[in-house]
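**Student:** Pasting a structure below so you can have a look.
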Amino acid sequence: LKKCGLVLPTIKLQQRFEDLFDSHFKQTRMQYIAGKLDLEHTRGQLIIMEDMTGSGKTESALLLAYRLLEKGLADGLYFALPTMATANAMYARVRSCYKNFFINLEETSLILAHSERKLAHQFLEMDYKASTDTINNEEETATECCNAWFSDQSKKALHADIGIGTLDQALMAVLPNKHSTLRLLGLFRKILIVDEVHACDSYMLELLKNLIVFHTASGGHTILASATLPYKMRQQLINSYYKGLGQKEYFLLLENKNYPLLTHVHSSADKPKEYNLTEMQCPIEILPIPSRTVTLQFTDNETELQNYILVQLEQGHCVCWVRNTVYDAIAAYQQFKKIYSSEKISLFHARFMLGDRFKKEKDVIKRFGKFSTADENSQTGRRGRLLIATQVIEQSLDLDFDIMISDLAPIDLLIQRMGRLQRHFRKERNLQPLFTIYGPLPVMNIDKAWYATLFPEAQHVYPNDHTLWLGAKLLFDKKLINFPNDSRDLIESVYGHQTADIPTVFLSKQREAEGSDSAVRANAVIKILNYDEGYSNIAGVSWWNEATIPTRLEEIKRLKIYLGWAKQEKIESLYLDSELGWELSCLAINENYLNQDAYYKLNPELKEQAKLLPGKGKYAVLVLLYQDSENVWKAELINKKGKLTLATYTSEYGLAFDDLE
């Protein structure tokens, strides 16, 4: 049992903040309160932390988790992140400090738990064994054996002492799929830590609320971390906690606009306790309030923007331009290759096959992360470098840029992107933080195509023009943002009970958006397990089928594909790897790009070949590419509209699509 990791690890007692983390860390106010918060409650507790991006919320959450473990109120923890990339980054951070939590690490299992965990570069650095056969090998250490057993399947990974993975792995516990109860058991007496809660859309939020109900009912503790949460969302999460306690009446929060803010709810509390961290009675000389001012500028002229970026690069600054779609990112990358040194430009988005994406992610962290340097000749040199990326960089990746530009996006995402602007102190940097927003100007006299004219592709990603306009108008008028003082008002002014005027042309779209949001929530409600009804099919939910129940709304419209090529009458994976070639050759695309049935009808032999893929090809399509030229691979596909489409893949650009008719 000990070798399998089924014996609880021994907690180190009376560890201080500086014992758990690097001694050079200077405690923030949130971390100070996390170390002093009254946690003497036997039943589950809900803690919501709202603080600035890069403010050390991870360490605050881990400190709270350690204190709960030390008091015997929990046996382990699961850290739930919004994406695989952020889970990989968090795994590396936790791996560096978890040794300070436990006495005997050989009895402690630390597992990266997401669908592609075998492939994550941080995980591959370990002696990973994905087979239970290693348990019978006396030469293997106990740590290797227990990690191997837990890592064998994602549903078992939740049973590890410390799990780091995507939120999806936890949400599957409250959806009617096979082994959901095994997942829920894995969370029993665990501290559920959910990071970047603001990243949840309406669909995922309904699933998360249901997970909190189940987890609270079993006595579990939940810690939620976010940059900012709209008041309505915070109230809904607290309501779910009280529902898990079996209470019919929920406490109503006052619309507390203080920031940063910690909200603590437990079963013995008369009402939720809110701690405004900017006004806590803490020694000011020890715990100063971190604040900074960001200057904003707008432009709707792409030529002017390109010239501005070139000037900044020539001055040796490190620049990032966040585009809202892969199409726009590739277009900008191609344009800058014509006018700037291609060796100093990087492209990073989600439409690379996993093998290439891991390489890209590793290079981006090396070039633009905390430990990058000003030496342009170094492998970690950032001087005069340009990164063109999509939303993949806006959450949890510890990146730092001198200058940032972003396409116009919802205001909460813009705030996230601002968190990558001059994130760390660098003695060689003598710049005021300046954030540039590229998009249509927020004037009143506009037409329906206000956003779509400049962003014909992105209009499908962010269809709610009225919230885009409100956020843009707010930032356009302010010109300067002070963090943390302005953080709460920025969010509530757009997503709260705002009564701001918007152009009349958006009124109908606003009503459509509200109706669509209601439909999304209803879609989630009919899929989740109902705690009050128990494990039954009263609600007509289908059990024990092989269909995947999505944890994200966009998964319904995503299609997983494997890229292969013909080599001497045998189909090989595009990514050349002796063992994990097919896993590293996969990626997800919008289902509109490929009609699976039509494609297999034209290529019937591929359907049989797909059965040899991971998962026997049940939930993916095998796409056969031919080599057009060196490092350029192509395939002719049929899209959902029945039109012939040319797919082109290179390790430099990723996967691109062009209509052939």
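**Student:** Looking only at segment 230-274, filter to residues that are assigned to a loop (DSSP other than H, G, I, E, B) and under 25 Å from the mean Cα position of the chain (by Cα); which one of those is surrounded by the fewest Cβ atoms within 10 Å (Cβ to Cβ)?
**Tutor:** Of all residues in segment 230-274, those assigned to a loop (DSSP other than H, G, I, E, B) come to 230, 245-260, 267-272.
Remaining after also requiring under 25 Å from the mean Cα position of the chain (by Cα): 230, 259-260.
Details: Pro230: 18, Tyr259: 22, Pro260: 26.
Of everything passing the filter in segment 230-274, Pro230 is surrounded by the fewest Cβ atoms within 10 Å (Cβ to Cβ).
**Student:** Continuing with this model, one more query. Checking Ala472 against (1) more than 21 Å from Thr299 (Cβ to Cβ); (2) out of contact with any helix residue (DSSP H, G or I) (no Cβ under 6 Å at 6 or more places or on another chain), which single condition isn't satisfied?
**Tutor:** Unmet for Ala472, out of (1) more than 21 Å from Thr299 (Cβ to Cβ); (2) out of contact with any helix residue (DSSP H, G or I) (no Cβ under 6 Å at 6 or more places or on another chain): (1).
**Student:** Can you confirm whether segment 500-521 contains a residue that is surrounded by 13 or more Cβ atoms within 10 Å (Cβ to Cβ) and closer than 28 Å to Gly369 by Cβ?
**Tutor:** There is no residue in segment 500-521 that is surrounded by 13 or more Cβ atoms within 10 Å (Cβ to Cβ) and closer than 28 Å to Gly369 by Cβ.
**Student:** Further question on the same structure: Asp412 - would you say it is surrounded by 17 or more Cβ atoms within 10 Å (Cβ to Cβ), under 22 Å from Gln297 (Cβ atoms) and not aromatic (Phe, Trp, Tyr)?
**Tutor:** Numbers: surrounded by 17 or more Cβ atoms within 10 Å (Cβ to Cβ): yes; under 22 Å from Gln297 (Cβ atoms): yes; not aromatic (Phe, Trp, Tyr): yes.
It is true that Asp412 is surrounded by 17 or more Cβ atoms within 10 Å (Cβ to Cβ), under 22 Å from Gln297 (Cβ atoms) and not aromatic (Phe, Trp, Tyr).
**Student:** Scanning for something under 27 Å from Lys232 (Cβ atoms), modelled with pLDDT under 90, touching a Lys or Arg at 6+ places or on another chain (Cβ under 7 Å) and not aromatic (Phe, Trp, Tyr), does segment 179-202 turn up at least one residue?
**Tutor:** Looking through segment 179-202, at least one residue is under 27 Å from Lys232 (Cβ atoms), modelled with pLDDT under 90, touching a Lys or Arg at 6+ places or on another chain (Cβ under 7 Å) and not aromatic (Phe, Trp, Tyr).
**Student:** In the set Ile289, Ile330, which member is modelled with pLDDT of 95 or more and among the β-branched types (Val, Ile, Thr)?
**Tutor:** On the way: Ile289 fails: modelled with pLDDT of 95 or more.
The match here is Ile330.
**Student:** Please go through segment 426-443 and pick out each residue that is in a loop (DSSP other than H, G, I, E, B) and more than 12 Å from Leu480 (Cα to Cα). Break it down into steps so the answer makes sense when it comes.
**Tutor:** Initial filter on segment 426-443 (in a loop (DSSP other than H, G, I, E, B)): 426-433, 439-443.
Across segment 426-443, the qualifying residues are Arg426, Lys427, Glu428, Arg429, Asn430, Leu431, Gly439, Pro440, Leu441, Pro442, Val443.
**Student:** Could you tell me whether any residue of segment 189-200 is open to solvent by 10 Å² or more (accessible area, probe 1.4 Å) and in a strand (DSSP E or B)? Steps first, please.
**Tutor:** Taking segment 189-200 first, the residues open to solvent by 10 Å² or more (accessible area, probe 1.4 Å) are 189-190, 195-196, 198-200.
Adding the requirement that they be in a strand (DSSP E or B) leaves 190.
Taking every residue of segment 189-200 in turn, at least one turns out to be open to solvent by 10 Å² or more (accessible area, probe 1.4 Å) and in a strand (DSSP E or B).
**Student:** While we're looking at this one, here's another question. Take Lys57 and tell me if it is of a type in the set (Lys, Arg), surrounded by fewer than 22 Cβ atoms within 10 Å (Cβ to Cβ) and over 30 Å from Asp356 (Cα atoms). It would help to see each step written out before you state the result.
**Tutor:** Working: of a type in the set (Lys, Arg): yes; surrounded by fewer than 22 Cβ atoms within 10 Å (Cβ to Cβ): no; over 30 Å from Asp356 (Cα atoms): yes.
Against the criterion (of a type in the set (Lys, Arg), surrounded by fewer than 22 Cβ atoms within 10 Å (Cβ to Cβ) and over 30 Å from Asp356 (Cα atoms)), Lys57 does not qualify.
**Student:** Please verify whether Asp486 is at pLDDT 85 or above and surrounded by fewer than 13 Cβ atoms within 10 Å (Cβ to Cβ), treating the condition exactly as stated. Working first, answer last.
**Tutor:** Working: at pLDDT 85 or above: yes; surrounded by fewer than 13 Cβ atoms within 10 Å (Cβ to Cβ): no.
No, not satisfied.
**Student:** Restricted to segment 70-84, and to residues that are open to solvent by 10 Å² or more (accessible area, probe 1.4 Å), touching a residue at least 40 places away in the same chain (Cβ under 8 Å) and of a type outside the set (Ser, Thr, Tyr), which residue is nearest to Thr293 (Cα to Cα)? Spell out the reasoning first.
**Tutor:** Restricting attention to segment 70-84, the residues satisfying the condition of being open to solvent by 10 Å² or more (accessible area, probe 1.4 Å) are 70-73, 75, 82-84.
So of that shortlist, the ones also touching a residue at least 40 places away in the same chain (Cβ under 8 Å) come out as 70, 73, 75, 82-84.
Then drop every residue that is not of a type outside the set (Ser, Thr, Tyr), which leaves 70, 73, 75, 82, 84.
Numbers: Glu70: 39, Leu73: 41, Asp75: 42, Pro82: 28, Met84: 31 Å.
Among those that are open to solvent by 10 Å² or more (accessible area, probe 1.4 Å), touching a residue at least 40 places away in the same chain (Cβ under 8 Å) and of a type outside the set (Ser, Thr, Tyr), it is Pro82.
**Student:** Would segment 645-659 turn up any residue that is touching a Ser or Thr at 6+ places or on another chain (Cβ under 7 Å), among the aliphatic types (A, V, I, L, M) and within 26 Å of Thr325 (Cβ to Cβ)?
**Tutor:** Taking every residue of segment 645-659 in turn, at least one turns out to be touching a Ser or Thr at 6+ places or on another chain (Cβ under 7 Å), among the aliphatic types (A, V, I, L, M) and within 26 Å of Thr325 (Cβ to Cβ).
**Student:** Taking the residues in segment 289-346 that are among the small types (Gly, Ala, Ser) and out of contact with any Ser or Thr (no Cβ under 8 Å at 6 or more places or on another chain) as candidates, determine which candidate is farthest from Thr453 (Cα to Cα). If you could, list the steps in order and put the result at the bottom.
**Tutor:** Kept after step one, since they are among the small types (Gly, Ala, Ser), are these residues of segment 289-346: 291, 316, 329, 331-332, 341-342, 346.
With the extra rule that they be out of contact with any Ser or Thr (no Cβ under 8 Å at 6 or more places or on another chain), the set shrinks to 291, 316, 331-332, 341-342, 346.
Working: Ser291: 37, Gly316: 33, Ala331: 16, Ala332: 17, Ser341: 30, Ser342: 29, Ser346: 27 Å.
Going through the qualifying residues, I end up with Ser291.
**Student:** Another question, then. Just checking, how many residues over segment 316-328 are out of contact with any Gly (no Cβ under 9 Å at 6 or more places or on another chain) and within 20 Å of Phe435 (Cα to Cα)?
**Tutor:** Keep residues of segment 316-328 that are out of contact with any Gly (no Cβ under 9 Å at 6 or more places or on another chain), which gives 320-325, 327-328.
In the following step, the residues that additionally are within 20 Å of Phe435 (Cα to Cα) were identified as 320-325, 328.
Result for segment 316-328: 7.
**Student:** Further question on the same structure: For Asn100, indicate whether it is at pLDDT 80 or above and polar (S, T, N, Q).
**Tutor:** Working: at pLDDT 80 or above: yes; polar (S, T, N, Q): yes.
Yes: the conditions hold for Asn100.
**Student:** Something else about it: If I go through segment 345-386 residue by residue, how many of them are buried (at least 22 other Cβ atoms within 10 Å of the Cβ), in a strand (DSSP E or B) and out of contact with any Phe, Trp or Tyr (no Cβ under 6 Å at 6 or more places or on another chain)?
**Tutor:** Looking only at that region, the number is 2.
**Student:** Continuing with this model, one more query. Does Ile212 satisfy the criteria of being under 15 Å from Val265 (Cβ atoms) and in contact with a Pro (Cβ under 7 Å, 6 or more places away or on another chain)? Show your work before the answer.
**Tutor:** Numbers: under 15 Å from Val265 (Cβ atoms): yes; in contact with a Pro (Cβ under 7 Å, 6 or more places away or on another chain): no.
In short, no.
**Student:** Any idea how many residues of segment 303-330 are surrounded by fewer than 19 Cβ atoms within 10 Å (Cβ to Cβ), within 29 Å of the chain's Cα centre (by Cα) and either of a type in the set (D, E, K, R) or under 21 Å from His460 (Cα atoms) (or both)?
**Tutor:** So the answer is 1.
The values are calculated or read from the model by the stated rules, or taken from the named source; none is laboratory data. What you see is a predicted model, and the numbers here were worked out from it, not measured in a lab. We place every Cβ from the backbone using ideal geometry, glycine too, and count neighbours over all the protein chains shown. The area values use the complete protein model at the heavy-atom level, side chains included, leaving out ligands, DNA and RNA. Shrake-Rupley method; radii C 1.70, N 1.55, O 1.52, S 1.80 Å.
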